[in-house]
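Report on the structure given below.
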Amino acid sequence: MAAIPITARGAERLKAELNRLKAVDRPNVIQAIKEAREKGDLSENAEYDAARERQGFIEGRIQELEGKLSSLQIIDPAAVDAGDRIVFGATVELEDAESGAQVRYQIVGDDEADIKEGLISVSSPIARALIGRSVGDVATVAAPSGNREYEILDVSYR
């Protein structure tokens, strides 16, 4: 399995989710199944069916997280020495060539991407267009509404 790039912050979030699933969610759903069984007939017991479905989701997510955690390549953006060139972990400030609007994004792993927090996936179209470029370059991004051009104003690693 190929290494999955992720920041240290993203890896900690995945570990915290795994710990919560094992320590809180799994015991809660086991208790819910036990209580539903005590009510008798399981063939028409909606609470039992819902608890079993939830248990399946929790167990599947635990397996998924354990698999991912075993193949993570944790990258500390503050330790990256790429100068003003954009690589994984970079925080970039961009200006839309058409509207003049400025945005700031950090390029992170797929599992930690959250556009609302300015975290974009390394495999997203905008990140792919930015990787390898430097301050002052113009990157063309294939967007659903057509090609967009962004000027790279700043690159930092934090």
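The values are calculated or read from the model by the stated rules, or taken from the named source; none is laboratory data. Small disclaimer: the values here were computed from a predicted structure and weren't measured. Neighbour counts run over all protein chains shown; Cβ positions are idealised from the backbone, glycine included.
Listed values, structure above:
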{"read-out": "Residue within the stretch 64-78 that is free of Cβ contacts under 8 Å to residues at least 40 places away in the same chain, among the charged types (D, E, K, R) and not assigned by TED's automatic domain parsing to the domain that holds Ala129 present", "value": "yes"}
{"read-out": "The stretch 85-95, subset assigned to a strand (DSSP E or B) and without any contact (Cβ under 8 Å) to a residue 60 or more places away in the chain, residue surrounded by the fewest Cβ atoms within 10 Å (Cβ to Cβ)", "value": "Glu95"}
{"read-out": "Arg158 basic (Lys, Arg) and either assigned to a strand (DSSP E or B) or within 12 Å of the chain's Cα centre (by Cα) (or both)", "value": "no"}
{"read-out": "Matching residues in the stretch 32-73 - criterion: being outside any helix (DSSP H, G or I) and within 27 Å of the chain's Cα centre (by Cα)", "value": "Ser71, Leu72, Gln73"}
{"read-out": "Residues that are aliphatic (A, V, I, L, M) and more than 23 Å from the chain's Cα centre (by Cα), drawn from the stretch 85-100", "value": "Ala97"}
{"read-out": "Qualifying position, being of a type in the set (D, E, K, R) and either surrounded by 13 or more Cβ atoms within 10 Å (Cβ to Cβ) or assigned to a strand (DSSP E or B) (or both), among Glu149, Glu98", "value": "Glu149"}
{"read-out": "Some residue of the stretch 75-84 being loosely packed, with under 15 Cβ neighbours inside 10 Å, at positive phi and more than 19 Å from the chain's Cα centre (by Cα)", "value": "yes"}
{"read-out": "Failed item, numbered, when Arg52 is tested on (1) in contact with a Pro (Cβ under 7 Å, 6 or more places away or on another chain); (2) without any contact (Cβ under 8 Å) to a residue 24 or more places away in the chain", "value": "(1)"}
{"read-out": "Answer from Ser43, Ser71 - the residue that is out of contact with any helix residue (DSSP H, G or I) (no Cβ under 9 Å at 6 or more places or on another chain) and within 18 Å of Leu18 (Cβ to Cβ)", "value": "Ser71"}
{"read-out": "Any hit, the stretch 5-25, residues being within 21 Å of Asp111 (Cα to Cα) and of a type in the set (S, T, N, Q)", "value": "yes"}
{"read-out": "Matching option when the condition is free of Cβ contacts under 8 Å to residues at least 12 places away in the same chain, closer than 30 Å to Leu153 by Cα and within 23 Å of the chain's Cα centre (by Cα), among Ala11, Ala23, Ala113, Ala16", "value": "Ala113"}
{"read-out": "Checklist (1) in a helix (DSSP H, G or I); (2) surrounded by fewer than 18 Cβ atoms within 10 Å (Cβ to Cβ) applied to Ala127, failing item", "value": "(2)"}
{"read-out": "Residues located in the stretch 101-124, provided they are of a type outside the set (A, V, I, L, M, F, W, C), in a strand (DSSP E or B) and surrounded by 13 or more Cβ atoms within 10 Å (Cβ to Cβ)", "value": "Gln102, Tyr105, Gln106, Ser121"}
